[in-house]
Amino acid sequence: MAGEPMGIYPDTGADFNGAPDIDHLNTRVQGELSDWMNWIKTEIGFDGWRFDFAKGYSPDITKIYMGNTRPEFAVGEIWNPLSYGSDGKPNYDQDGHRRELTEWVKAVGGSATAFDFTTKGILQAALVEGELWRLKDSNGGPPGMIGLMPENAVTFVDNHDTGSTQNRNPRVGLTV
């Protein structure tokens with residue numbers, strides 16, 4: 001509510017200090033956000049959602065909004081760093097990283113997708129270091145979320161979280 005200090009509402013996910021928590025457990029909040037989402041879908045023409053910082057609230061909350069609005073497309077942003085070895089390079093096995101993405105999709109009900117940050121990070125490392133062996137997991141398949149749940153993986157090369165001023169996994173010049 002206006003004028004309230006940040007962080008006073010029940011939190012169902014990871015903290016983000018850049019914005020106050022929204023009480024997504026409050027049915028009035030759920031109803032008003034759903035109404036607004038349906039309004040921009042119907043009146044403005046939106047046909048999908050990007051759930052930014054989706055780890056900031058429970059997948060159960062996303063599932064509510066998905067059910068209340070029924071978008072044509074939805075993607076969640078669950079960004080976590082890859083696991084790294086003592087040499088500063090990503091570890092070969094990133095299975096835990098990609099499983100976190102697939103578990104979020106399943107918890108949301110399977111109708112949403114997730115940005116495949118695992119593939120983005122592995123592709124980055126493979127191209128920067130010339131380590132193309134990274135492009136296969138231990139079973140010979142793609143090492144990112146695309147190797148476990150391709151129908152729900154949104155692959156990408158870069159976005160506002162991985163390039164720009166945040167300098168997370170700096171851009172690689174790619175020619176496709």
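How about region 66-163: which trypsin sites (Lys or Arg not before Pro) there lie in a loop by DSSP and see at most 16 other Cβ atoms within 10 Å?
Values: sites: Arg98, Arg99, Lys106, Lys120, Arg134, Lys136; in loops: Lys136.
Loop-located and lightly packed - Lys136.
By how many nm would the segment from Asn80 to Leu25 lengthen if fully extended, with 0.36 nm per residue of separation less the alpha-carbon distance? Show your work: numbers first, answer last.
On the way: separation 55, 0.36 × 55 = 19.80 nm, distance 2.44 nm.
Computed gain between Asn80 and Leu25 is 17.4 nm.
Compute a Gaussian network model of the chain, connecting alpha carbons closer than 10 Å, and tell me which residue from Trp36, Trp104, Trp49 fluctuates the most.
Judging by the Gaussian network model, the answer is Trp36.
Accessible area per residue, 1.4 Å probe, Å², for the chain: what's the number?
Values: 10090 Å² over 176 residues.
The answer is 57 Å² per residue.
Need one number: nm distance between label points at Thr42 and Leu127, each 7 Å from Cα along Cα→Cβ, rounded to one decimal.
It works out to 4.3 nm between the two label points.
Considering only Gly76, Gly130, Gly13, give the residue with the highest GNM mean-square fluctuation for the chain, with springs between Cα atoms whenever their separation is below 10 Å.
In this elastic network of the chain, the residue with the biggest mean-square fluctuation among Gly76, Gly130, Gly13 is Gly130.
On the accessible surface of the chain, probed at 1.4 Å, how many percent belong to carbon and sulfur atoms? Don't jump to the answer; show the numbers that get you there.
Details: 5410 of 10090 Å².
It is 54 percent, rounded to a whole number.
The values are calculated or read from the model by the stated rules, or taken from the named source; none is laboratory data. Here the structure is a predicted model, which is why all the values come from computation and not from measurement. In this analysis, Cβ positions are derived from the backbone assuming ideal geometry, glycine residues included, and neighbour counts consider all displayed protein chains. These accessible areas exclude ligands, DNA and RNA; they are computed on the full protein's heavy atoms, side chains included. Shrake-Rupley method; radii C 1.70, N 1.55, O 1.52, S 1.80 Å.
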